[in-house]
Amino acid sequence: MPIPGATDSHHTAPPAALGDDGATYRVAVTADGSAPTGSRAARHSVYPPLDLRFKWADAPVTLEFVRLGNLIGGHTIGLLGVGGPLLTGEGICTPSPPVANCSWELVGHLLIPGFRTTYHTGLVGDFGPDWVTAIPPGALITSLDLEEGAGAFAASVLQTTQTGTFTSVLGSVSVDQLPATASAEGARGSVLTAVSFQGGLVTYVSYAWSEAQAVRYEAKVVATTVAGAGSAATDLAAQGYLITAFGAGNFGVNGVVLVGTRREGDSAPRAVQVLEVGANLSSPAGYAAIGYLYDRAARRWTMIFER
């Protein structure tokens, strides 16, 4: 069906709706009175809002990973695009305060329209319910690091212009209680998106999403060592879990925590890649960065990607 008035060298369509998914467009060109030459059909794909609780891992676009630099304590950095998780682990802060002694390395995926990531730092005592609820309803915390020794914290917040709002829960439980907590949150449609150690407990942030109110989730928590983080991520992916929260404290027996989440009954394996290097990191195209860990003793970085 010809589009009225669409006779210029370009055409801007009206805003797309989900019902437009699958529509096809063709262009017919006529020159010097000759018969029209028609193009092949171009399919118009319209995607539903992306569930940002899953770290962009189901995005319909090919992600290109970049290293963004460092976040210094006491500063805030904004990024137009989808930022990756904060680097966690030993070596983030020097042994004593002030907050400025902390430095978190940042990675992410740049220039994705409609998304903005902000990395915040501050005093650890300022992070609490008021700080979490002050985040706009179209945003959520995607990673968190509480550094008690330096009295500092850092968090990454992903905000979108797409439809839907997020409702948060902030809590603290023991490592042993975290599996039951994550499962209970999933049973009511909420997903853990950030965890960190503080005061011998695990502080967690969980979100429900207005666009998936009827969906229920299964969660699995693995507490391991820094050396076991890569294997734990691989095992979770093989069972269909996406790692939605990742945190590290001391590097003892339970010093690294991974929270895997999947839709109820969806056990299809996920694509995961684990990079363990002693220098700069890179990643395969199309994979979202979901976990980032540094072991100061071994001078080694571990990074986890899923697709």
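Between the alpha-carbon centres of region 1-40 and region 191-227 there is a gap of 47 Å.
Residues whose amide H comes within less than 5 Å of that of Val191, counting only those at least five positions distant or on another chain, are Tyr207, Ala208 (H built at 1.01 Å from N in the peptide plane). Electrostatic bookkeeping for Glu211 treats Lys and Arg as +1 and Asp and Glu as -1; over the other residues with beta carbon under 11 Å from its beta carbon, the sum is 0. Each stretch of four or more DSSP H residues adds -39500 (n - 2.57); spread over every residue of the chain, this sum gives -2000 deg cm²/dmol at 222 nm.
Accessible surface calculations at 1.4 Å, restricted to protein heavy atoms, place the chain at 48 Å² per residue. Between the entries (i) 19.2, 62; (ii) 17.9, 52; (iii) 21.9, 80, the label attached to Rg and Dmax of the Cα atoms in Å calculated for this structure is (iii).
Between Leu123 and Val173, what's the calculated FRET efficiency when r is the beta-carbon distance and R0 is 22 Å? Round to 0.05.
Working: r = 23 Å, r/R0 = 1.05.
With a Förster radius of 22 Å, E is 0.45.
What part of the accessible area of region 83-230, given as a whole %, is carbon or sulfur when the probe is 1.4 angstrom? Ligands and nucleic acids excluded, carbon and sulfur reach 56 percent.
The values are calculated or read from the model by the stated rules, or taken from the named source; none is laboratory data. Remember, predicted model here, so these are calculated numbers, not experimental data. Note that we place each Cβ from the backbone using ideal geometry, even for glycine, and neighbour counts take in every protein chain shown. These area figures cover heavy atoms from the full protein model, side chains too; ligands, DNA and RNA do not enter into them. Shrake-Rupley method; radii C 1.70, N 1.55, O 1.52, S 1.80 Å.
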